[in-house]
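> Structure in C-alpha cells, see below.
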Amino acid sequence: MTHADTAPPRPDDRIVVRAGGPASRSTESPRRSRRRGSLRAGLPYILMVAPAMAVFAVFFIIPVLRTAVLSLTDQSNHSREVTFIGLENYVEALTDPQILAGIQHSLTYAVVVVVVQNAIALPVALLLHARIPFRGGFRTIFFGPAVLSVLVVGYLWSYIFSSNDYGLVNTVLRTLGFENVNWLGDPDLALGTIIVTQVWQWFGYQMIIYLAALQTINEDLYEAAALDGAGRWRSFRTVTLPGLIPAFQITIVTGLIAGLKVFDIVISMTNGGPGYATETVLTLMYRKFSEGNYGLAASFGVLFLLVSLLIGGVLLRVFRRLEATYS
C-alpha cells in the first residue's frame, strides 16, 4: 500500500459513491458548489418570472428590435424592394422643418403640462390634506376627470371651445361683450387650448399622488420642527418638501414621458391642425405610417424611445441625489 492510498481526503474533495463501483473523490470547489446551490434555490423564482419575461420579450423587446432594423431601410408600400440605407431616415427626421416643428410642439406640451399640473396639484393636495369640511367630496370631484377616456375629453372640450354659437366659452365671452375666439382654429392658440384640457383632466391624478406622499410623512417631524421654533414656511421647506421628493419623482418623470407621447387628445381635438400647428412626434409618426413610409416612421419611434430613456435616466439620477441629500 502506498502513501497516496492511505492519505486522508483533502477538504476540497467530496466522497462520491457510484452504484456498482468504489467511492471516488470529486474535485468540485466550494465556490462552484455554492453557486450550484444558489441556482437551485433561485430556480422556482426564475420559473415564476419566466412567463412575464416571455410576454415582455414578445411584445416589447422583439418589436423594438424589429423597429430599429426597419428604421435603417427604405421599406414602404410604394415599392416591394427593400434597401438598406443606414441612417438616412434619422437624418431626414432631424432636418425636416415639419418634423422639427412636431418635436418642438411635443417638448412644449410636455414641459408646460407638467409645470402647470404640479403648480395646481400640490397646493390643492396641501389644502385637502388639512381637516377641512367635505374634503373627501372635493378629492373625488378633482380626481373624477382622470378616469375619463382621453378621446371623450377631447370631443367634449372641442364643443366647449367651439367657435360656433353653441361653444360654451365663446357664449360666455359674448355675454361679457367680447367677440368670438377661434380657440382651435388659430395656430397661436390651438396648442395652448389642448394643454388646458389636459391640465384639467390630469391635475387630479397628480393631486392624489401628493396626498398619498403627505400621509407618509411622520407627524413627529412637524412637532420637532415646532419645538425648534420653525414656522409654517420653514416646516414646509424642511419637512414637507423632502418628504415629497418621491412624489415629485413620479409626477415629473411620468408626466414628461406621457407629454412627449401625446397623440389621442391632438387627434380628437385638432387632428394636428390648423396646418401643422399642433402636430407632435407621434401624430407625425402615425401620418408617415399611413402614407406607407414605414422606414421613416420607424425612425421616429426609435428616436422617441431614446429621448424618453435619456430624460427618464437623467431625472431619476437627479432625484436620487436629492433623496440622498435630504435622507
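Throughout, read-outs are computed from the coordinates displayed, never taken from laboratory work. Note that the structure is predicted; figures quoted are calculated from it, not measured. Glycine also receives a Cβ, built like all others from the backbone with ideal geometry; neighbour counts cover every protein chain displayed.
> Rounded to the nearest 500 deg cm²/dmol, what is the calculated helix-only ellipticity per residue at 222 nm for the chain, with -39500 (n - 2.57) per DSSP H run of length n ≥ 4?
Estimated from H runs of four or more residues: -20500 deg cm²/dmol.
> Another question about this same structure. Output the 0 to 90 degree angle, nearest 10, between the alpha-carbon long axis of helix 294-326 and the longest principal axis computed from the alpha carbons of the chain.
80 degrees
> So, R0 is 45 Å and r is the distance between the beta-carbons of Leu189 and Ala130; what FRET efficiency does that work out to, to 0.05?
0.75
> Then there is this: For the stretch 215-227, just list the computed ³J(HN,Hα) in residue order, Karplus coefficients 6.51, -1.76 and 1.60, θ = phi - 60°, integers in Hz, with x standing in for Gly and Pro.
6, 8, 6, 5, 5, 4, 5, 5, 5, 5, 5, 5, 5
> Which ³J(HN,Hα) values in Hz, rounded to whole numbers, follow from the phi angles of the stretch 202-211 under the Karplus curve 6.51 cos²θ - 1.76 cosθ + 1.60, where θ = phi - 60° and Gly and Pro get x?
Going residue by residue, I get 10, 5, x, 5, 5, 4, 5, 5, 5, 4 Hz, with x marking Gly and Pro.
> Just to be sure I understand the model, the point goes 7 Å from the Cα along the line to the Cβ. What's the resulting Val49 to Asp228 distance in nm?
4.1 nm
> Distance between the C-alpha centers of the stretch 239-290 and the stretch 188-233? Whole Å please.
Cα centroid of the stretch 239-290 versus Cα centroid of the stretch 188-233: 21 Å apart.
> How large is the Kirkwood hydrodynamic radius of the stretch 183-224, in angstrom, based on all distinct alpha carbon pairs?
Its Kirkwood hydrodynamic radius stands at 13.0 Å.
> I want to verify a result. In a Gaussian network model of the chain, Cα cutoff 10 Å, which of these has the top mean-square fluctuation: Thr270, Thr240, Thr83?
Most flexible of the set in this elastic network: Thr83.
> Between Ile257, Ile99, Ile311, where does the largest GNM mean-square fluctuation fall for the chain, given springs only between Cα atoms within less than 10 Å?
Taking springs between Cα atoms under 10 Å, the residue moving most is Ile311.
> 5 Å is the cut-off here: which amide hydrogens, built 1.01 Å from N in the peptide plane, fall below it relative to Thr73, excluding neighbours closer than 5 in sequence?
Correct list: Ile85.
> While we're on this one: Could I have the simple spin-label model distance between Val116 and Tyr166, label points 7 Å from Cα toward Cβ, reported in nm to one decimal?
Rounded to a tenth, the inter-label distance reads 2.6 nm.
> Rounded to whole Hz and in sequence order, give me ³J(HN,Hα) for the stretch 157-174 from the Karplus expression 6.51 cos²θ - 1.76 cosθ + 1.60, θ = phi - 60°, writing x for Gly and Pro.
Result, rounded to whole Hz: 6, 5, 6, 5, 9, 4, 7, 6, 5, 8, x, 4, 5, 5, 5, 5, 5, 5.
> Here is a follow-up. Specify which labelled value, from (1) 25.3; (2) 24.3; (3) 20.4, agrees with Kirkwood radius over Cα pairs in Å derived from the coordinates of the model shown.
(1)
> Take Asn77 and Asn271, extend 7 Å from each Cα along the Cα→Cβ direction, and tell me the distance between the two endpoints in nm.
With each label point 7 Å from Cα toward Cβ, the separation is 1.8 nm.
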